[in-house]
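Participant: Before I ask anything, here is the structure I am working with.
The values are calculated or read from the model by the stated rules, or taken from the named source; none is laboratory data. These numbers were taken from a predicted model, which means no experiment stands behind them. Cβ: placed from backbone, ideal geometry, glycine included. Neighbour counts: every protein chain shown. Quick note on the areas: whole protein, heavy atoms, side chains included, nothing else; ligands and nucleic acids left out. Shrake-Rupley method; radii C 1.70, N 1.55, O 1.52, S 1.80 Å.
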Amino acid sequence: MKKKYKLSIVPSSGLLILIASIFIPVSIFMAISLENTYLWLCLAISIFITVIFDALISKARLSKIYIIFPNIIRLSKGKEGIVNVFIQNTDDLKLIVRVGIGFPKEIIPLTYDIKITIDKSIDKSNDSQFSINWPCIAIKQGYFLMEECYVETLSFIGLWNIRGLFKGITEIRVYPNLHNESKKVKQLLSKNNIGYHLIRQIGKGKDFEQLREYMEGDSYDDICWKATAKRMKPVTKVYQIEKTQNIYLAIDNSRLSSRILGRINLPQTYLDSEPYMENFILNTSILQKYIECSLVMGAIIQKQGDMFGLIVFSDRVKKFIKAKNGKTHYNACMDLVYTLDHEEVNPDYSELFSFIGTNIRRRSLIIVLTNLDDALMAENFIKTSKIIKNKHIIIANMLKSSNTHPLFMPSNPIQTIDEVYSHLAGHFLWANLKNIEKILNQHGIGFSMLKEDTMSIELISQYFSVKQRQAL
C-alpha cells in the first residue's frame, strides 16, 4: 500500500495551553480595566496571526510522506508476529511523526501508535525509507483487511497537529498455529527418524512389478498360468510394496465443531502494556483442533511419499482438494482451511459419502474428523457409511470431552454429591459411544475417541497402522 488520501489539521496541546495562559487572562484584564487596552489588543492580534501563519505554512508538512505496507501479511494465530511498515520521506526535513494503524479487531497490536524520528541525514543507506517493526498477535484465524494508517506530526512552531490519513488495501492472512502440534510429533517430523523405509511392512506387496522364472519356495498363488502356458515353463508374478497411497481427511465444520475446548490469555507483555488487554482471549474450538491436526498429519503423509487430500463438509461438501503431494499442494490445503469457520447446521453424512463414492475412484484411507456424541447424527453416520465401506477404509474420529469416561476411574474419583450426577452423565455418554464403536467395527469401520493432548499422535498412529498392514 502506498497512497496518500487525506490531510487534516487540529490544535495541539501547545496551542490549548497558549490560549489558556494568554487569551483568557487578556480577556479578563480587558474586561476589568480599560487601561492598556490597545497594548493587550495588539498582543492578542499578533498571537492570533502567528497561530494562523503556523497553520498555513505547516499544512503541507506531510505532503512528501508516504506509508508503504506489504501487499500480504502472514501471521499465525496466538503467536506474536511482526508487521513491517515503511515510511518514505522524499523531503530533507527532519520530522518526528506518530504513526497509528487501523488494525482489524481480530489483530491485537502491542501498542496502537509508535513515534519515529525521520532524519535522512542520519541514515542515507535506505533510499529515504524508514522501517517500523510493529509487534502484534492474532486472536482469530482467517482473512482480514487493513485499510487505514494515520500519521501525525507537529507544525513548525508546534501549535498544530498535522494529520494524514493514508488509505490502501493490505491483506492479513492468519494461519493455524501448528507449533504445538508439530512439537508433539517432533520425532516423527525429524529427518533422521522419518521415511517409509523405517516402517516394517507386514505381508507382501500388492502392486505387480514383473514376471520371472519359478523358483523353489514360490507360492502357487503367485504363478501366472497364462505366461506359464505360453513359455512352457513355470512363471511367477513378482509384487512390490505400494509406495504411493491416497489419504483423505474429512473435516466436519458443522455446529458441534464450534464448541470451545479452552481459553488462553494474551502473553504477559501484552497484558502489561494496556489494562484493557485482559478482555482479549484466545479461544480454541474443536474445529480449530481438527484443522491443526489435519495439517500436521498432511506433512507426515507427504514425507512418507503418500498423497494427501482434504474434504470439508457440513450439510453438504463445501470444499474438496484431490490427493496430491508437494509444497504447492500443501500450501493450497493451508489456504483452503485457514478461512474455515463453523456453520450452524447439522452434518449430512449421506452427502459426504455419496460425494466420496462419486469423486474418489482409487481405494483410499478416509479419516473423518466429526462429532458422534449426538445420537441422531451417530445413527445417520452408521447407516450412510455403508455406501463406501467396501471400496475405501473409513476411520471415524472425535474429540473425547473431559467428562466422557466410565463411572469409576481411579484417576478421577468422586468427591462430592454433585460430582455423582456429572459422572453418571459422563458414563452414559461414554457407554453410548462405546456402543457406536462396536457397531461400526462390526461393519469394518474404525472409530476412536481421541484425547485433546495426543490427538495428532493418535491420528498418525492410525495412518501408520493401516500403512504397515498394507490394507490399502
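Participant: Stretch Asn359-Phe464 to full length: gain in nm at 0.36 nm per residue minus the Cα-Cα span?
Facilitator: Residue separation times 0.36 nm, minus the Cα-Cα distance, leaves 35.3 nm.
Participant: Another question about this same structure. At 0.36 nm per residue, minus the direct Cα-Cα distance, what do Asn432 and Lys94 gain on full extension? Give it in nm, one decimal, please.
Facilitator: The span from Asn432 to Lys94 would gain 114.4 nm if fully extended.
Participant: Explain nothing, just compute: Karplus ³J(HN,Hα) = 6.51 cos²θ - 1.76 cosθ + 1.60, θ = phi - 60°, for every residue of the range 87-95 in order, whole Hz, x for Gly and Pro.
Facilitator: 10, 9, 10, 9, 10, 8, 6, 7, 10
Participant: While we're here: To the nearest 500 deg cm²/dmol, what mean residue ellipticity at 222 nm is calculated for the chain from DSSP H runs of n ≥ 4 alone, each contributing -39,500 (n - 2.57), summed and divided by the residues?
Facilitator: Calculated from helices alone, the mean residue ellipticity at 222 nm is -10000 deg cm²/dmol.
Participant: Give the label of the value calculated from the structure for Cα Rg over 2.2 N^0.38 Å, choosing from (i) 1.11; (ii) 0.99; (iii) 1.48.
Facilitator: Here Cα Rg over 2.2 N^0.38 Å agrees with entry (iii).
Participant: Using a 1.4 Å probe on the protein heavy atoms only, what accessible surface does Thr328 show? Give it in Å² to the nearest 10.
Facilitator: 110 Å²
Participant: Can you run phi through the Karplus equation (6.51, -1.76, 1.60; θ = phi - 60°) for the range 68-77 and list ³J(HN,Hα) in whole Hz, with x for Gly and Pro?
Facilitator: 10, 10, x, 5, 10, 10, 10, 10, 10, 4
Participant: Is the range 303-395 rounded, prolate or oblate when judged by the Cα gyration tensor, a ≥ b ≥ c being the square roots of its eigenvalues, rounded requiring a/c under 1.5 and prolate requiring a/b larger than b/c?
Facilitator: Judged from the Cα gyration tensor, the range 303-395 comes out oblate (a/c at least 1.5, b/c at or above a/b).
Participant: Follow-up. Which GluC sites (Glu not before Pro) does the range 429-472 hold that lie in a coil by DSSP with at most 16 other beta carbons within 10 Å?
Facilitator: Glu452
Participant: Moving on to the next point. By how many degrees, between 0 and 90 and to the nearest 10, does the Cα long axis of helix 37-58 differ from the longest principal axis of the chain?
Facilitator: Orientation of helix 37-58: about 30 degrees from the principal axis.
Participant: In this model, which of Lys318/Lys386; Lys184/Lys391; Lys79/Lys183; Lys391/Lys438; Lys183/Lys318; Lys79/Lys451 are farther than 25 Å apart at the alpha-carbon?
Facilitator: Long pairs (Cα-Cα over 25 Å): Lys184/Lys391; Lys183/Lys318.
Participant: Got the relative contact order for the chain handy, in percent, Cα pairs under 8 Å and 6 or more residues apart?
Facilitator: Relative contact order for the chain comes out at 13 percent.
Participant: Just flag the chymotrypsin sites (Phe, Trp or Tyr not before Pro) in the range 53-149 sitting in loop per DSSP whose Cβ has no more than 15 other Cβ atoms within 10 Å.
Facilitator: Here the chymotrypsin sites (Phe, Trp or Tyr not before Pro) that fit, given the DSSP loop and packing criteria, are Tyr112.
Participant: How large is the translational diffusion coefficient of the range 378-472 in µm² per second when you combine the Kirkwood radius over alpha carbon pairs with Stokes-Einstein at 4 °C and 1.567 mPa s?
Facilitator: 86 µm²/s
Participant: Roughly speaking, what % of Cα-Cα pairs in the range 44-97 are separated by over 16 Å, rounded to a whole number?
Facilitator: Summing the P(r) of the range 44-97 above 16 Å gives 64 percent of all pairs.
Participant: Long-range amide H contacts for Val83: which residues qualify at under 5 Å (H placed 1.01 Å from N, peptide plane, sequence gap of 5 or more or a different chain)?
Facilitator: Trp134, Cys136
Participant: By how many nm would the segment from Asp374 to Lys389 lengthen if fully extended, with 0.36 nm per residue of separation less the alpha-carbon distance?
Facilitator: So the extension gain works out to 3.2 nm.
Participant: So, with a 1.4 angstrom probe, what is the percent of accessible area on the chain that is carbon and sulfur?
Facilitator: Answer for the chain: carbon and sulfur cover 55 percent of the accessible area.
Participant: Rank Gly158, Leu56, Leu352 by how far each Cα sits towards the positive end of the charge dipole of the chain (+1 on Lys, Arg Cβ; -1 on Asp, Glu Cβ) and give me just the farthest.
Facilitator: Leu352
Participant: On a 0 to 90 degree scale, rounded to 10, what angle separates helix 349-359 from the longest Cα axis of the chain?
Facilitator: 70 degrees
Participant: Check which residues have an amide H placed less than 5 Å from Lys318's amide H, if you skip close sequence neighbours.
Facilitator: For Lys318, whose amide H was placed from the backbone, the distant partners under 5 Å are Val312, Phe313.
Participant: In whole Hz, with x marking every Gly and Pro, tabulate ³J(HN,Hα) for the range 442-449 from phi via Karplus 6.51 cos²θ - 1.76 cosθ + 1.60, θ = phi - 60°.
Facilitator: Per residue, the Karplus-derived 3J(HN,Hα) values read 5, 9, x, 10, x, 8, 9, 9 Hz.
Participant: Distance in nm between label sites at Lys115 and Ser8, each 7 Å beyond Cα in the beta-carbon direction?
Facilitator: 2.2 nm
Participant: Between the helical axis of 327-337 and the dominant principal axis of the chain, each derived from Cα atoms, what acute angle in degrees is found, rounded to the nearest 10?
Facilitator: With both axes taken from Cα atoms, the answer is about 70 degrees.
Participant: For the residue pair Trp225 and Phe29, what label-to-label distance in nm results when each label sits 7 Å from Cα along the Cα-to-beta-carbon direction?
Facilitator: Output for this residue pair reads 12.3 nm.
Participant: So, for the chain, what is the accessible surface per residue at a probe of 1.4 Å, expressed in square angstrom?
Facilitator: Each residue of the chain exposes 54 Å² on average to a 1.4 Å probe.
Participant: Also, I was wondering about something else. Below 8 Å between Cα atoms, with a sequence gap of 6+, how large is the relative contact order for the range 308-401 in percent?
Facilitator: On the way: 98 pairs, mean separation 25.3, N = 94.
Dividing the mean separation by the residue count of the range 308-401 yields 27 percent.
Participant: Moving on to the next point. Restrict the search to the range 358-427; then list the chymotrypsin sites (Phe, Trp or Tyr not before Pro) that DSSP places in a loop and that have at most 12 other Cβ atoms within 10 Å of their Cβ.
Facilitator: Phe408
Participant: Moving on. Using R₀ = 22 Å, calculate the FRET efficiency as 1/(1 + (r/R₀)^6) where r is the Cβ-Cβ separation of Ala471 and Ile439; round to 0.05. Mind showing how you got there, number by number?
Facilitator: Working: r = 20 Å, r/R0 = 0.92.
Once rounded, the FRET efficiency stands at 0.60.
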